[in-house]
Structures are given as C-alpha cells and as structure tokens.
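Participant: This is the structure I have questions about; it appears just below.
The values are calculated or read from the model by the stated rules, or taken from the named source; none is laboratory data. Everything numeric here is computed off the predicted structure, so don't read it as measured data. Please note: Cβ atoms are built from the backbone with ideal geometry, for glycine as well, and neighbour counts cover all protein chains shown.
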Amino acid sequence: MKMDRYCFLIIVLISLLALGSLLPAQEIDSRRWSIAYWQQLAEQGLITFTLADETAQPAPQKPDSRIHAKTVLTDDSPDVPVTTITNTTQSENSIFINPLNDQEVLNSNNSTDLPISFIGNSQFVSTDGGLNWNGTLRAVTETRGDPAVAIDLNQRFYVGNLTDVNFGQGVAYSTDHGANWTHVQVYPADTDKNHLWVDNSPSSPYEGNLYDVWTDFSGGANDGEIAVSRSTNSGLSWSTAAFISSAVGAGSHNQGVNVQTGPNGEVYVLWAIYDAWPALETALGFAKSTDGGATWAPATRIISNIRGIRDQAAGGGLGGGKTMRCASFPSMTVSSSGNIYAVWPNQGVPGVNVGDPDIYMIKSTDGGNTWATPSRVNQDPIGNGKDQWHPWIACDPSTGFLACVFYDSRNFTANDQAETFVATSTDDGNTWEDFKVSDVPWSGDGSPLFAGGYAGDYIGIDILNGRVYPVWTDDRTGNLMSWVSPFLLADPTDPNPPSEFDAYSDYTTPTSMALTWADPTNLANGDTLLPSDFQINILRDNVPFIPTLYLPKCLPTTAPA
C-alpha cells in the first residue's frame with residue numbers, strides 16, 4: 001500500500017516544496033502504500049503531520065442492524081467488534097473461514113497500541129460464527145502491517161505480512177488454532193501490498209501449497225514488478241522469489257496484487273498497472289501458472305483503458321469531502337468450477353471513464369484466456385454522484401454464490417459519510433443484490449493518528465456453506481476499529497417466509513389464540529410461488545400442533561393460550 005506525497009492530507013499542512021527541502025526527492029518513494037512506511041518517515045522527521053488524540057466522537061446515530069435482502073435468511077445482524085480492547089486502532093482486515101468448520105474464522109488487521117508505539121498485525125479467532133472473538137494485538141512481533149490470512153485443510157493457520165525489519169515479507173503459522181504463532185521470513189526487504197493464499201482444492205495436485213505475492217520496491221532491476229514465492233511444506237520454508245509482471249510493460253509500476261488458485265491447482269495473480277506516476281490506475285495485469293507456481297506464462301493486460309481512483313488530491317477519488325485515501329487495487333476469487341471473477345472501483349463505465357466510482361467485475365470462464373465485458377456490481381442508480389470503493393470478493397466453494405463487500409455513500413445526500421454494503425450473486429455474477437450490513441454510518445475520513453488520510457486500504461469478506469463474514473474498519477467509536485456482521489444466505493429456490501404475522505388472544509377467549517399472516521408469493525430468487533407449492537406447519541414447543549395444516553390467513557386454535 002503506497003501513496004503519493006501529493007496525496008498527503010497532512011493535519012499540519014506541508015507543501016511539495018517543503019518535502020523537497022527536507023531530503024532529496026528520490027529518498028521518499030511516493031509509490032509505496034504501506035502506512036508503516038509513512039509513519040516511519042514521520043518519526044524520522046522527513047514528513048510532518050500532527051499526532052492528535054483521536055477522541056472526537058461521531059454524531060450519535062440510531063443503530064439499524066436489519067438486513068433488507070431477499071437472498072439473505074438473516075433478518076438482523078448486529079455489528080460485532082473484533083476486539084473489545086480500547087487502547088488500540090485496527091484497519092486493513094483480512095478474514096478466512098476454516099474450510100472444515102464454517103463457525104471458526106480467522107481475522108488479522110493492522111493493529112496499534114495507543115499512544116502508537118508499533119504498527120503490527122493482530123490475530124483474532126472466533127469459534128462461534130463471529131459472535132465472539134479472542135486473540136492479541138501483536139502475537140508475532142516481526143509484523144509491520146498489510147495482513148493476509150489463510151487456513152489449510154490440515155487446520156494450519158497463516159498470516160502473511162510486511163516484516164518489521166526493512167519492510168520484507170513474512171508468513172507466520174499456527175498449529176493450535178491461533179493460540180501460538182511462529183514467524184518465517186520469506187523475502188528480506190523493500191516490499192509492499194502483499195497477499196497470501198493457500199490451495200485448498202481437493203482435486204488439486206498442489207493442494208496445501210502456499211503463495212505469497214507482493215510488489216518489489218528495491219530500486220534494482222525488478223523495481224516495481226510483482227513477485228511471488230511459494231511454500232510446499234506448510235510454510236516452513238519458501239522458494240526464491242519469481243518476478244512475473246514484466247511482460248505487461250508498466251510505464252511506472254505494478255501494485256495492489258491478489259493471488260488465488262483454481263480447482264486443478266492453477267495459480268492466478270492479479271494487480272493494478274500504473275503507466276505513469278503520479279497517475280491513476282490504467283489497466284489490470286494478470287499472470288498464470290498451471291504447475292503449482294513452478295513456472296509462469298507471460299503476464300498480460302486483461303483489461304485496458306480503465307480509470308482508477310488513486311487520485312493524488314486529498315481523499316483520493318472520493319467526493320463529498322471524505323478524506324480517506326483510496327486506490328483501485330483489484331480483488332479476485334475463483335469458483336469450484338474454475339470461473340475467475342475480478343473486481344475493482346472505476347470512475348464511471350470502464351472505457352468511458354467518466355463518473356463517480358462504482359464497483360465493476362470482469363469474469364473469465366477459460367482460465368483467464370478471455371474476459372467478459374465489465375458488469376456493475378453495486379445496484380444504486382448509475383451516475384448518481386455517490387461513491388463505492390474498497391471492494392473485496394469471495395466465492396462459496398460449496399454453492400458457487402458470490403459475495404462482494406465495499407464502502408458506499410449512496411444514502412447521504414451530501415455524499416459525505418459512508419456505510420458498508422455487501423452485494424451477493426447466486427447466478428454466477430449475472431445479477432446482483434446489494435444491501436447495507438453496517439449498523440451505523442461513519443465519516444469516511446482518514447484518521448488524524450496516521451499520515452496522509454489513512455483509514456485502512458482494504459476490507460475483507462469470506463463465504464462458506466452460505467455463511468458470509470464481511471469485516472471492515474470504521475471510526476464510530478472515535479478510533480479506527482474493526483467490525484464483522486455475519487449473515488446466512490438463503491437457498492435461492494427456498495420460498496420467502498410468511499409476513500405480517502400476528503397472534504391475538506384476550507380474556508374473552510382464554511383458551512384459544514388467533515394467528516394471522518400473509519402467505520409468501522415468491523421464492524428467494526424472485527420467481528413466483530403458487531399456493532399449491534408449499535404448506536405451513538404450526539408447532540408448539542417444537543411439537544407439531546396441527547401437522548401439515550395449510551390455512552392461508554387465519555388459524556383459530558383451541559389450545560391453551
């Protein structure tokens with residue numbers, strides 16, 4: 001995660017000339033996006049901003065934890081804090097569901113203490129479907145931010161991250177469900193915006209392989225290129241880095257990398273291309289291996305003429321005065337059938353590139369050889385001047401359902417606040433339903449505790465067996481903190497539940513009760529449901545009261561009230 005010095009919204013304002021007077025321009029690499037890098041520059045006196053106490057509370061909001069979506073079974077999903085520790089900030093969330101237990105979830109984020117003395121990676125685990133979490137702010141002291149988590153089929157937990165020495169690459173592993181962690185160094189220095197993935201496909205000959213990817217900013221021959229290292233022994237050791245992006249011929253550099261695997265062990269790597277600097281993202285790059293990461297086909301540009309949102313002004317490409325920095329780093333997921341889905345925020349329709357930031361998706365059904373026309377994921381009116389950004393997408397390996405989380409400002413007339421939305425698709429990404437999952441809005445602003453409008457550079461989501469875990473950061477408490485709002489997707493062929501249910505009894509009918517309801521008329525996917533297609537069973541104390549009785553509007557009973 002990098003940022004340009006032009007994009008610093010610095011609380012004590014400094015100009016580009018002032019930066020230049022502090023040290024030669026080449027000593028600050030404005031491409032870098034790691035907040036730990038910029039905090040280190042501040043500590044060294046090379047940049048300046050005010051370290052304010054982040055105690056100002058947002059305006060009181062009435063929480064609304066209801067989820068309004070026909071494809072979601074969960075009607076109410078209150079936001080759950082990932083930790084109740086108060087002297088901390090949390091941002092940049094990665095989340096992964098245990099592939100053998102959809103109630104166990106691993107989260108890691110950029111965590112600090114307060115006052116800030118470190119920026120590291122937390123390790124938090126929930127074993128009850130995201131309702132409660134346990135863990136520590138920095139179980140591995142070698143970490144320096146940018147977490148990416150994974151769990152393999154042998155129940156080994158992993159957290160990939162920048163390391164505290166020279167911004168290298170490390171991956172920590174745990175063999176006891178996150179209670180204890182062991183750090184392994186992957187790459188020595190000068191890396192940025194990493195991602196980690198494990199091959200959990202039972203049909204893959206490379207099942208269990210780990211893949212760590214990042215951008216190299218060493219200044220050498222591979223400066224600005226995407227690198228990958230693999231582990232074939234559960235993270236105990238790692239291969240020499242392979243540089244895989246040079247064939248796209250980026251005019252400046254490649255950044256914001258994401259790695260995934262296919263059902264037969266294919267490895268796919270996706271990133272944003274910068275053809276100039278400072279400038280916006282102009283294309284997406286893609287590389288592929290079909291032999292478990294041993295060799296790589298030449299990288300390609302899978303879509304060109306995009307317009308990202310990594311604007312160098314305060315707040316990036318966001319409107320309404322929101323000061324949070326942002327970029328168009330892509331996210332990718334792969335279905336069990338092998339389809340690849342990639343999302344990113346684009347200013348208007350890709351290729352036209354005029355308008356507010358929306359989330360767009362491209363899909364490949366042939367291993368990345370060809371890609372479909374981009375389709376829009378968020379479903380608010382196009383061109384309404386509202387912002388969507390920071391998308392992350394996941395695919396359920398058991399159902400093929402897609403879930404994409406993102407920040408959204410659609411509900412604010414002045415476009416000056418943000419909420420967290422999720423979009424789901426049950427038909428391979430052909431259609432989407434999106435809905436709010438956060439209980440309260442937040443400012444969409446960068447934190448005064450960090451340089452350059454920082455409030456985290458990505459959020460996360462995972463899905464398994466219909467269980468969805470979106471996780472994000474907001475400042476509702478006055479600090480940047482992480483929240484999760486678990487929910488369960490409906491089977492699209494299930495009927496919607498009855499509505500307008502009511503129960504009535506009074507002193508004139510002490511031994512009976514009248515039940516009323518409105519029958520469902522549609523399936524969860526919107527198809528018509530006929531009265532002959534279902535029945536309503538009534539139970540008392542989990543025992544059928546009148547078995548298989550169907551009465552459409554009212555049921556008088558003679559049971560004790």
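Participant: Has the range 212-223 got at least one residue that is assigned to a strand (DSSP E or B), crowded, with 23+ Cβ neighbours inside 10 Å and among the β-branched types (Val, Ile, Thr)? Steps first, please.
Facilitator: Here is the first cut: in the range 212-223, the ones assigned to a strand (DSSP E or B) are 212-216.
Next, from what is left, pick out any that are crowded, with 23+ Cβ neighbours inside 10 Å: 212-216.
Those left that are additionally among the β-branched types (Val, Ile, Thr): 213, 215.
Yes.
Participant: Now, a different point. Among the polar types (S, T, N, Q), in contact with a Ser or Thr (Cβ under 8 Å, 6 or more places away or on another chain) and in a loop (DSSP other than H, G, I, E, B), is that true of Asn93? Give the derivation first.
Facilitator: Working: among the polar types (S, T, N, Q): yes; in contact with a Ser or Thr (Cβ under 8 Å, 6 or more places away or on another chain): yes; in a loop (DSSP other than H, G, I, E, B): no.
Against the criterion (among the polar types (S, T, N, Q), in contact with a Ser or Thr (Cβ under 8 Å, 6 or more places away or on another chain) and in a loop (DSSP other than H, G, I, E, B)), Asn93 does not qualify.
Participant: Looking at (1) modelled with pLDDT of 85 or more; (2) under 25 Å from Asp457 (Cα atoms); (3) of a type in the set (Ser, Thr, Tyr), which is the only condition Thr74 fails?
Facilitator: So Thr74 meets the others, but not (2).
Participant: Just give me the residues in the range 472-499 being of a type in the set (Gly, Ala, Ser) and either at pLDDT 95 or above or surrounded by fewer than 16 Cβ atoms within 10 Å (Cβ to Cβ) (or both), in sequence order.
Facilitator: Taking the range 472-499 as the starting set, the residues that turn out to be of a type in the set (Gly, Ala, Ser) are 478, 482, 485, 490, 499.
Of everything in the range 472-499, those that are of a type in the set (Gly, Ala, Ser) and either at pLDDT 95 or above or surrounded by fewer than 16 Cβ atoms within 10 Å (Cβ to Cβ) (or both) turn out to be Gly478, Ser482, Ser485, Ser499.
Participant: For the range 86-118, give me each residue that is among the β-branched types (Val, Ile, Thr) and either free of Cβ contacts under 8 Å to residues at least 24 places away in the same chain or more than 15 Å from Val159 (Cα to Cα) (or both).
Facilitator: Restricting attention to the range 86-118, the residues satisfying the condition of being among the β-branched types (Val, Ile, Thr) are 86, 88-89, 95, 97, 105, 112, 116.
Thr86, Thr88, Thr89, Thr112, Ile116, listed by residue number.
Participant: With the structure loaded, tell me whether Pro263 is in a loop (DSSP other than H, G, I, E, B), surrounded by fewer than 24 Cβ atoms within 10 Å (Cβ to Cβ) and touching a Phe, Trp or Tyr at 6+ places or on another chain (Cβ under 8 Å) or whether it fails that test.
Facilitator: On the way: in a loop (DSSP other than H, G, I, E, B): yes; surrounded by fewer than 24 Cβ atoms within 10 Å (Cβ to Cβ): yes; touching a Phe, Trp or Tyr at 6+ places or on another chain (Cβ under 8 Å): no.
No; evaluated as a whole, the condition is false for this residue.
Participant: Can you tell me which residue in the range 111-126 is surrounded by the most Cβ atoms within 10 Å (Cβ to Cβ), limited to those that are over 15 Å from Leu196 (Cβ atoms), out of contact with any Lys or Arg (no Cβ under 8 Å at 6 or more places or on another chain) and not β-branched (Val, Ile, Thr)? Lay out the reasoning, then the answer.
Facilitator: Of the residues in the range 111-126, the ones over 15 Å from Leu196 (Cβ atoms) are 111-120, 122, 124-126.
Now drop any that are not out of contact with any Lys or Arg (no Cβ under 8 Å at 6 or more places or on another chain), which leaves 112-117, 124-126.
Then keep just the ones that are not β-branched (Val, Ile, Thr); that gives 113-115, 117, 124, 126.
Details: Asp113: 15, Leu114: 14, Pro115: 9, Ser117: 7, Phe124: 26, Ser126: 23.
Per the stated criteria, the residue is Phe124.
Participant: Which of the residues that make up the range 60-85 are in contact (Cβ under 8 Å) with a residue 24 or more places away in the chain and among the β-branched types (Val, Ile, Thr)?
Facilitator: Ile67, Thr71, Val72, Thr74, Val80, Val82, Thr83, Ile85, listed by residue number.
Participant: Would the range 247-259 turn up any residue that is out of contact with any Ser or Thr (no Cβ under 9 Å at 6 or more places or on another chain), crowded, with 18+ Cβ neighbours inside 10 Å, in the same structural domain as Ala294 (by TED's automatic domain parsing) and in a strand (DSSP E or B)?
Facilitator: yes
Participant: Also: Could you please find all residues in the range 151-163 being surrounded by fewer than 24 Cβ atoms within 10 Å (Cβ to Cβ) and in contact (Cβ under 8 Å) with a residue 60 or more places away in the chain?
Facilitator: Hits for the range 151-163 are Asp152, Asn154, Arg156.
Participant: Restricting attention to strands (runs of 3 or more DSSP E) lying wholly within the range 420-531, give those where 1 or more residues are under 30 Å from Asp358 (Cα atoms). Reasoning before the result, please.
Facilitator: Working: elements: 433-436, 460-464, 467-474, 481-484, 499-504, 514-518.
In the range 420-531, the matching strands (runs of 3 or more DSSP E) lie at 433-436, 460-464, 467-474, 481-484.
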